[in-house]
Structure formats: structure tokens, C-alpha cells
Amino acid sequence: MRRGVREKGESFAAFATSSDAQVFAIATVLFVSIAVTAITIYIAINAPIEMERCEFQHTKEVTQDFYGLYSTINMLQSRVHSLIQRSGFCQLRSLMQSVVRSNPVTSTVSIKTMPSCDSFLVPPQPSDTLNFSPSGGRITVRLSESESIRWRVDNFSGNYTVESGAVNVTASGALTLDGPPFANASVIVPNSTSGFDTGSDNTVYESIRWCVAGLSQNTELTLRVRTGNSSDMSDAPPWNMCEAINSSEFIVEGSGCGFSLLSNHDGHRYIQLRVELNTTDGDEAPVLTSVEVQYHYNYSYLRYIRYGSGSEGGIDGVCNSSGCHYNFSGNYSLVSGNVSITPDGKLKLYGYPNNDTRGCIVSNITCTGGTVGFDTNLTNQDGNMRWRATNNTVYENLTWYAENITADTDIILKVRTDMYGDMRHATPWEDCYAIKSSDIEVNESGFRTFPLTDLLSVSKGHRYIQLRIELLSINPYKTPVLVNVSIGYRHAHAITLAEASGTIRYSTSYHDQRIVYENGAVITSQDSGGSEFVHPLAPFNFSFSNVSYTDNGTVKHYTRIGLSLVDLRGDGVAARAGENVHLQLEVGSYEHIHNLHYPSLTISITSDHYRAIRRWLSDTLDDAENLIPGRDYSEPVVDDARREVTVEFYARGEGVKLYLEVFTFEVRVH
């Protein structure tokens, strides 16, 4: 046996030293090399393809997750609608909130931020990121009219004083450095000896907007703002104490314009600007083409309408800077039963003992023909009573003094508002909430108070208001007595009916793609915004149309707008990565405006994707029934400086009939 083993070993040794063995070894090496080369080429060719496939599939999965988020939020909105319907028509905002909060409406949505791929050619990929910003993607619905005033300079010739250096005004009126060679300079606008006069010590400053050209890494244009109550600006702070507004930090790329809010200047009549033009290259200079300051006057002090006795000596129609007083007598229409006015001007049921156990009146201010609602624009200016041409009224409290409210008697109040003095589109009285005096506590002064902001029949932005008073008694020997009733209100420089914000954003390096949920819609963007659109399966819940109808033989029309807004609240998350994300959603509150009419309305949307939103709005309005651009609405316009798209709906015919709801969701990211 040993001999056999020895013979085999000798045979192998002989083979190993033979030419055949060498050929075999070379062939083996060549085969392995060819195989490795082939595999390398295969991987080089197919790995990017597989990577593209995996990334595309992951993005598709996340898009489906965002569509699931969209559908889930819509489902939760439907649940809220069902709760409200089951509880009956809620005439108070507080009742609607109570219904929502006592019946939690929640759900959870998962977003697959971790890529998963079953291909051996693709190594494990890093997680993409998810961001939640409660302040992103803001939408605002407001009355178009505002009392904002603008001071604008777009021709600087004669509108500046040089403080240092040398400047020049171009043929178009723009301000720039003198040269070349260019050197730093600063100027004061409108001049160094006085500020611009806004015309009132009650000025409220809003914002500054400016447009500049010639900015580069070598140039800068800086603005400083100061205000004072002396025309020579002697009481204004020194310039070195004023905040520097650097254009490089505020100018939106591609627009050439910047925007900044102004604060801590309110109550000053005069305003002055300092413009600093700086360069580190003698061949380059910044150019200021225009600057604009927006401001308004403060008319927000409380006014009132008072009916009854106890003020101004009971003199009917007396108005002052605080409001107007009307007697009950002659300023109401009897609806049912009968009432009478006591010698000292109080309202009570008719007769003693009472022939009537019920009396109902509606306020009817007839100082303007055809007007039955009180005109809140009546105000005192320089000692003269005038009507201000605005609908910017904000209603506050209803306050009344009642006597003899017992188990047998009561006084019920209802309030409603409208944009028209004849109250043609006001909420029907039967749908207005009944405020029972017996349900309201009496304060230490004997008055009862109810917040008008809680009534769905009352809306800010309505110029006219009307009151319904019902006196009840089940005992003919007792009568409730209304001494007086007051409605408190203010004027705002602008009226915002609703606001909503909140952005949930998924980001991936695959074509720099973004998938965003904001304002109730899904928006996709890739290649740094080069291609972006509102997802056709998850659009904004907006509707627009023009409606015509016949009223007593007259054809009338209005613009119908339906808006469902989603407001996302919660702790923001900068960039969640490394794990799949779970979004817990809970409805926190619900607000709505139910088919009330308004004068011109403006919808503004601020978003990183404002141009995609603008295209969607344009297409949607083009498809709207009977709406004509220029007649019923303005074409949506963009403001690059604010990253904002705005569309205005005009008050043609019967105005704009608005159905608006805002769902607030509490978002928790896990």
C-alpha cells in the first residue's frame, strides 16, 4: 500500500513539472481573470441601473405613503363632519370645539424613509429625511380691501442726502455709486433734515420692500430704518443703534427684491431710511431701483352701539368718538306680540297686567334709506361724524342690563351681521343662536356679557350688524325689562378670515426630489424645483364657480368659493433620518364660515413651491364654471420676494359667497 501511495505522489510531481500542468494553471488564471472582469463589467453596467430602479421604487413607495397621508386626513375630516351633524347644527363656535374635543379623532400614518432593495448589486443606502415645520406653507384668506398706505420711492432724484462717499442717479431714477472706480457711500432718504410724514401719530408700520441689482460677492446694499415724532428726527435713535437689513440675506434669488417686517416703530409719525452702498471691487456697484414702506393708522380702539337708556341722557342718535346711542323708541320693527317703552326709555312687555306674554323686536336703524342694520363705519373724525369706506369691522362683546329676570320671565337676544345694510344675506333669524339672559351670569355691575366672536351668525369683515330682542313671560303679572344693550366693536386695518400652515416634507438625493404635504395637498418637486407640480390625485380642496339666480324678476349673481384648509400644529422636526417615521394625527379644533357673503376676497399662499401652486390655481380657475378672469377674479400673480402667490376675487353682483372650514391637526412625529 505504501508503494501505491508513493507511485501516485511521484506521478503528481511529474505532472506538476510537465508542460500540461503549466497550461492548466495558465488556463485557470485566465478563466478567473475573465470571470472577474465579466462580473466587474456586469456590476459597472447594471449597478447604476439597479440603483436607479431601487431609488425610483423607494420614491414611488414614499409617494404612496404621502397619498395615504392625504387620504387619512380627508377621512378624519369626514369624521368631524359626521360628529357635527350628529350633534345638530352648532350655532356657536365653542359648541363645535366641545364636540370635537370630547370625541377624539385620531389616526397614524407611516412614511417609509428607509430604502429597502432586494438587489445584491446595490449596497445598503442611507436613510432619506423627513421634516415637519408647523410654520411652513402658509395660506391666508382675507378681505381684499385694507387701509394700508405705501410710501414708495422709485426715482431717487431729489429724494436723498449724501451722508458719505459719492453716489449717482441713473437715467431711470435708480440710486448707485458714482464711478467707476466705485467706492463705498451712504445716503439718507428722503433727506437728512427731516423724515417722511405719514400724517398721523397713530401710525403702525408693517413692512419694507426694496429691489436691487448688481449684488455679488463683492457688493452689498444695506438698509436701516428709524422713526420719530419730531419732523427733524431729533428724537429718533442714532443710526448705529438701528438694525442693519442686508440685501444679501433678504433678496430672493431670481427676483432681485427683498422683504422685511418692521417692528418697534409704532406710534411714530415720521420715518427715515439710511441706504449704505458698499463694494470691494472698484468695477462693481450695487443699484437700488426702488424702496417701499407699508403702514396703516391705528383705529383699533373700542367703539359701541348702545340701545336703550342710561347713556348720553337718552338722546336718540347721539354719536361721539366712542360710539353711537339710540333710544329703543323708533329704532325697531315689531315682529310679534307687543312691547312698550317706559318713560325713562326701557323696553318691556305691553300692558299691566300684561296683555301680551311675548314681544319680539328687531333693531331697525333707518337713518340711511333701505338700511336696517347699524353701519359700523360711522365714526368721529376731527369732531365730525363720517362713514369710513371700509368693511374692516371686528366685533367683540354683547353687553346688556336687564331687570326682572325670574323663573317666569326671560329676554332672548340674537345677533347677525352682513355686508349689506338691508341684511339680505345675513343668517336667517331661525338659524341664529338664542342668547338667554337666564343662562348668563350677572357681573358685579349688574350687566350680562356674551362674546360675539362665538356666534357663527356674526363675522368680522361685515359692515352692518342687527339685533333681535325677544321678551318672554309665563306670568301676565310679570314682565322682563331691558334697560339697555350694547355691541362692542373695533376697526382693523385689514381683515384675515382664516390662516393655516404646516409642511411635512420628504427629501431624497435621488434627483434632489421632494415630496411635500401642505395646505391639504401633495406637491412633488425634483431637480432643485426644475420640475414640480401639485399631485393630481391629492390636490387642494378648493372650489370656485359663478352662480346666477333670479330675485323678484332680477337676475343676480355671486362668486361661490369653497375652501377646506388644513392647519398642522406640533413640535417641529428638522430632519428625521435613520428609521421609518410614524405620524400621529389628532384633530385639535374645527372652525368654519357657513355660506356668508363678503366683498372682495384675496387668497394668498406662501410656499417654497409657489410657482407650482400658481399653475394649479390658474388651471383650476380656468376650469371653474362661469368664472371669467378680469371680470370675476385676477389672474394669480407671484411675489418672488415673499415666495407668494395671490389671487383676488372681485365683489361683483352680490359679492363672494364663502364656505370655509379650517381643521387643526396636532402632529406628533415618532
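So that you can scan it fast, the table gives a plain yes or no per residue for (1) open to solvent by less than 40 Å² (accessible area, probe 1.4 Å); (2) in contact with a strand residue (DSSP E or B) (Cβ under 8 Å, 6 or more places away or on another chain):
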{"position": "I188", "(1), (2)": "yes, yes"}
{"position": "F196", "(1), (2)": "no, yes"}
{"position": "E206", "(1), (2)": "yes, yes"}
{"position": "C211", "(1), (2)": "yes, yes"}
{"position": "Q217", "(1), (2)": "no, no"}
{"position": "S231", "(1), (2)": "no, yes"}
{"position": "S234", "(1), (2)": "no, yes"}
{"position": "T280", "(1), (2)": "no, yes"}
{"position": "E284", "(1), (2)": "no, yes"}
*Residues being assigned to a loop (DSSP other than H, G, I, E, B) and open to solvent by 30 Å² or more (accessible area, probe 1.4 Å) - total across region 410-432*: 5
*Just give me the residues in region 210-269 being within 31 Å of the chain's Cα centre (by Cα) and assigned to a helix (DSSP H, G or I), in sequence order.*
S247, S248, E249, F250
*Criterion violated by Y477 - all others in (1) of a type in the set (S, T, Y); (2) touching a strand residue (DSSP E or B) at 6+ places or on another chain (Cβ under 9 Å); (3) open to solvent by 20 Å² or more (accessible area, probe 1.4 Å) satisfied*: (2)
*Can you give me the number of residues within region 453-467 that are crowded, with 20+ Cβ neighbours inside 10 Å and farther than 18 Å from Y598 by Cα?*
1
*Taking region 495-510, which residues are in a loop (DSSP other than H, G, I, E, B) and buried (at least 18 other Cβ atoms within 10 Å of the Cβ)?*
I495, S501, G502
*Since E654 meets every condition but one in (1) charged (D, E, K, R); (2) over 21 Å from K460 (Cβ atoms); (3) surrounded by fewer than 20 Cβ atoms within 10 Å (Cβ to Cβ), which condition does it not meet?*
(2)
*Every pair of residues 6+ apart whose Cβ atoms lie under 6 Å, when the first sits in region 572-590 and is more than 16 Å from G502 (Cβ to Cβ) while the second is surrounded by fewer than 19 Cβ atoms within 10 Å (Cβ to Cβ) and among the charged types (D, E, K, R)*: N580/K112
*asked:* Can you find a residue that is among the β-branched types (V, I, T), open to solvent by 70 Å² or more (accessible area, probe 1.4 Å) and not in a loop (DSSP other than H, G, I, E, B) anywhere in region 530-553?
replied: yes
*Just give me the residues in region 147-164 being open to solvent by 50 Å² or more (accessible area, probe 1.4 Å) and either of a type in the set (D, E, K, R) or over 26 Å from the mean Cα position of the chain (by Cα) (or both), in sequence order.*
R150, R152, D154, N155, S157, G158, N159, Y160, V162, E163, S164
*asked:* From the list T72, T59, T40, exactly one residue is at pLDDT below 85 and in contact with a strand residue (DSSP E or B) (Cβ under 8 Å, 6 or more places away or on another chain). Which is it?
replied: T59
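The values are calculated or read from the model by the stated rules, or taken from the named source; none is laboratory data. Here the structure is a predicted model, which is why all the values come from computation and not from measurement. Using ideal geometry, Cβ is built from the backbone for each residue, glycine included, and neighbour counts are taken over all protein chains shown. Side chains are part of the model used for accessible areas, which takes the heavy atoms of the whole protein and leaves out ligands, DNA and RNA. Shrake-Rupley method; radii C 1.70, N 1.55, O 1.52, S 1.80 Å.
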